[in-house]
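Data first, discussion second: the structure below is written as structure tokens.
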Amino acid sequence: MEKVDVLLGLQWGDEGKGKVVDYLATGYGVIARFQGGPNAGHTLEFDGKKFVLHTIPSGIFRKDVVNIIGNGVVIDPIVFSKEVDEITAYAGDIRDRLYVSSRAHLILPTHKLLDAAYEKDKGLSKIGSTLRGIGPTYTDKISRAGVRVGDILQSGFKEKMKVAIAKHNKILDQYNAEHLSDSQMMEFYAGLDVLRSFKIVETEYMTDAILSKGQRILAEGAQGSMLDIDFGSYPFVTSSNTVCAGAPAGLGYAPARTGTVYGLFKAYCTRVGSGPFPTELHDETGEALRKAGNEFGSTTGRPRRCGWLDLVALKYAVMISGVDKLIMTKADVLSGFSKVKIATSYRVGGKSTQELPFSLSADEIYPEYTEFEGWGELKDVKTKEDLPATFNEFLSFTEKYLNIPVMLVSVGPERAAIIEME
Ligand code: IMP
């Protein structure tokens, strides 16, 4: 019996998971998503083209890789069908290598209207949601009122939809929000036709059969640990478990079958949407990071907030998920900064701590930094021997602090711009 390796973003999302999954995919026969939905935007760049995947796993461009959308994912058929069109135009038909869990929940068009109504109502305390209907869909799942992918193959589907939409309309009325338009509904039904043309199965049996055959699976996390519903900066989080514990539940394999846990982090930090961000830079250095890293949301286009690497938060994420191996991304973005900083502790209530406090509010905690010399261009570096000494200091400091080795360093968006450290 083989294991499921899990790849997770350890910060506030946008750590570059798409590229790394695509890179690691050659070592796996199967790639699976287990949580989140089209709030994710996993970017892959190769052959001079750029693809942003929202729902479909990042192994889809490898013809010999099977891709699974697990039960823990929420699917918007409209986004899904657009994604299918885009991939198909480049890679041909993907129906032979993409499986969808019958237990995954559907994002209905009214879920998106609810998302917008809730955010508007929150005013200044809004979460900064991507407005993709994620929160309302998971809310319906937990309150046992959701509609699942498997339902679209059942005779009672239309009635189920009617009940769900009528319930949503009642809530929308309370918020004085508009109801669904006919064209939105038609788009949804067209998306459902595309979804119905894929293999909809009990993916938990599939995963079990794959592991029993001796094939390893790579589970691809979405968002990041600091956006986890339990361990993130609540309430400014997403509505799923983004930590490793989300993988067995969102894919349907036994927790003891978890293999290597890969943790991804950027050489600095970003956050999109509202909520506390201890190492955020509000000055021209933050602006320079945004520019150098092209830090604009791949799903919403919003400018990302930028700041220094935060080892207190990272160590917490490593602990919660039991990370075995680290992958550092976007190391090239810091090229050209004369000094680079890392937060190594927080001052809270006059005391220094390396533990993440309950509240990350900016007026309660003050990060304490260690400063490093910057490094030059990394984009032409191909092997670890060619990495600049100043970068190596930054890297080994991080490894020592977290007590885990960094196995890969990504130095550019292209598939090939990655350095093996082991
Ligand atoms: P939601 O999950 O779309 O409701 O968004 C909740 C919070 O998580 C917001 O602050 C979003 O900006 C953030 N978020 C959701 N998905 C992602 C992601 O894939 N990358 C980065 N931030 C995300």
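The values are calculated or read from the model by the stated rules, or taken from the named source; none is laboratory data. This is a predicted model, so every value here is computed, not measured. So basically every Cβ, Gly included, is an ideal-geometry build from the backbone, and we count neighbours across all protein chains shown. These area figures cover heavy atoms from the full protein model, side chains too; ligands, DNA and RNA do not enter into them. Shrake-Rupley method; radii C 1.70, N 1.55, O 1.52, S 1.80 Å.
Compute the separation of the alpha-carbon centres of region 9-77 and region 202-247 and state it in Å as a whole number.
Their Cα centres are 12 Å away from one another.
Roughly how much of residue 193 is accessible, in Å² to the nearest 10, using a 1.4 Å probe?
Result for residue 193: roughly 90 Å² accessible.
Given H placed 1.01 Å from N in the peptide plane, which residues other than close sequence neighbours of residue 75 have an amide H under 5 Å from its amide H?
Amide H neighbours of residue 75: 105, 106, 107.
Tell me, what is the per residue accessible area of the chain in Å², probe radius 1.4 Å?
Heavy-atom accessible area per residue stands at 42 Å².
Between residue 2 and residue 383, with labels modelled 7 Å along Cα→Cβ, what's the label distance in nm to one decimal, could you check?
Reported label-point gap for residue 2 and residue 383 is 3.1 nm.
Got a sec? Charge dipole of region 265-420, +1 on Cβ for Lys and Arg, -1 for Asp and Glu; which of 320, 331, 419 is way out at the positive end?
320
What accessible area, in Å² to the nearest ten, does a 1.4 Å probe give for residue 167?
Near enough 80 Å² of accessible area.
Quickly estimate the mean residue ellipticity at 222 nm for the chain, helices only: each DSSP H run with n ≥ 4 gives -39500 (n - 2.57), and the total goes over all residues, rounded to 500. Please list the in-between numbers first.
Working: 11 runs with 129 residues, N = 422.
Per the formula, -9500 deg cm²/dmol.
Using a 1.4 angstrom probe with every protein chain in place, what is the largest-first accessible-area order of 34, 358?
From most exposed to least exposed: 358, 34.
Past 22 Å, Cα to Cα: identify those pairs from 49/82; 50/341; 17/213, in the order given.
Values: 49/82 17 Å; 50/341 31 Å; 17/213 27 Å.
Beyond 22 Å between Cα atoms: 50/341; 17/213.
Given a 1.4 Å probe and every protein chain left where it sits, what share in percent of the accessible area of the chain is carbon and sulfur? If you can, show how the numbers build up before the last one.
Numbers: 9250 of 17730 Å².
Ligands and nucleic acids excluded, carbon and sulfur give 52 percent.
Given charges of +1 on the Cβ of Lys and Arg and -1 on the Cβ of Asp and Glu, with all other atoms neutral, how large is the dipole of the chain about its Cα centre, in debye to the nearest 20? Let's see the in-between values first.
Numbers: 49 positive and 54 negative charges, 188 e Å.
Charge dipole of the chain: 900 debye, to the nearest 20.
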